[in-house]
Amino acid sequence: MRRVDELLAEHGTTYAREAGIALADKPQPLYRLLVLTTLLSTRISADLAVAAARELSRAGWRSPAAMRDSTWQQRVDALGRAHYVRYDESTSQHLGEGADFIRQRYRDDLRRMGDAAGRDPRKLEKLVAEFPRIGPTGAQIFCREAQAVWPWLRPYFDRRALAGAERAGLPADPRRLAKLVPGEDVARLAAALVRRSLQH
């Protein structure tokens, strides 16, 4: 479908890819997605959140253990370099707390969270929302992106993606939308629809 091809070409970069995360079903990239989700879960632009995720990665904090080894001030400074300044202090705190939480709950491996959810997308949303700073909206962001490597989440289109589908003249129904692209492109389509929903 030409409209879908155009959407993917123009807006089909996932937030994870934009942040330099080669998403895979492995502990480190899944953790980096969680960090990105934390950064996106504030009233701040997606561009700033993505830049902050890149800066934290550049600083070497790509795993929960590395994040725990960083200091609150080091994290604040890194967020500042990315101009993520309005929420830098609280976000630094939440990143530290999140790194502790993932050790206690999932022994530093978010694949255990997928197992704990029993491959149920609604249960996964609830588990993701337990992390500091990440509420229901952040949990939806995580699931939307994670479906790229967790096929059992597909098709995952949250309210924002479905609003984008309506704006683009596409069906606002997850299963019908998923049929428009190969399985591995569902996350890209969801990202494209979210970006479409944000256009004025």
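Just so you know, all these numbers are worked out from the coordinates, no wet-lab data involved. Given the structure is predicted, the values throughout are model-derived calculations rather than measurements. Cβ coordinates were reconstructed from backbone atoms using ideal geometry, including for glycine residues, and neighbour counts include every protein chain displayed.
Per-structure values
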| read-out | value |
| --- | --- |
| Residue ID - farthest from PRO155 (Cα to Cα), chosen from residues in region 168-178 that are in a loop (DSSP other than H, G, I, E, B) and within 23 Å of the chain's Cα centre (by Cα) | ALA168 |
| Selection count, region 143-161, where residues are part of a helix (DSSP H, G or I), closer than 23 Å to VAL50 by Cβ and among the hydrophobic types (A, V, I, L, M, F, W, C) | 4 |
| Complete set of residues in region 79-92 that are of a type in the set (Gly, Ala, Ser) and touching a Lys or Arg at 6+ places or on another chain (Cβ under 8 Å) | ALA82, SER90, SER92 |
| Selection within region 1-20 - of a type outside the set (Gly, Ala, Ser) and closer than 20 Å to PHE131 by Cα | TYR15 |
| Pair list, Cβ < 8 Å and 6+ apart or interchain, from region 26-50 residues that are over 12 Å from GLU145 (Cβ atoms) to residues that are among the acidic types (Asp, Glu) and in a loop (DSSP other than H, G, I, E, B) | PRO27/ASP108; PRO27/ASP109; TYR31/ASP108 |
| Condition check for ALA16: of a type in the set (Gly, Ala, Ser), in contact (Cβ under 8 Å) with a residue 40 or more places away in the chain and within 26 Å of ALA161 (Cβ to Cβ) | yes |
| Pairs, first without any contact (Cβ under 8 Å) to a residue 24 or more places away in the chain in region 168-197, second aliphatic (A, V, I, L, M) and part of a loop (DSSP other than H, G, I, E, B), C-beta under 8 Å, six or more apart | LEU177/LEU170 |
| Members of region 109-135 that are closer than 19 Å to ARG32 by Cα, small (Gly, Ala, Ser) and free of Cβ contacts under 8 Å to residues at least 40 places away in the same chain | GLY114, ALA129 |
| Condition check for ARG54: under 23 Å from VAL149 (Cβ atoms), charged (D, E, K, R) and touching a helix residue (DSSP H, G or I) at 6+ places or on another chain (Cβ under 8 Å) | no |
| Residue within region 136-149 that is in contact (Cβ under 8 Å) with a residue 12 or more places away in the chain, polar (S, T, N, Q), in contact with an Asp or Glu (Cβ under 9 Å, 6 or more places away or on another chain) and surrounded by 14 or more Cβ atoms within 10 Å (Cβ to Cβ) present | yes |
| Unmet criterion (only one of (1) within 30 Å of SER90 (Cα to Cα); (2) surrounded by 23 or more Cβ atoms within 10 Å (Cβ to Cβ)) for ARG159 | (2) |
| Residue list for region 179-200, filter: surrounded by fewer than 16 Cβ atoms within 10 Å (Cβ to Cβ) and assigned to a helix (DSSP H, G or I) | GLY183, GLU184, LEU198 |
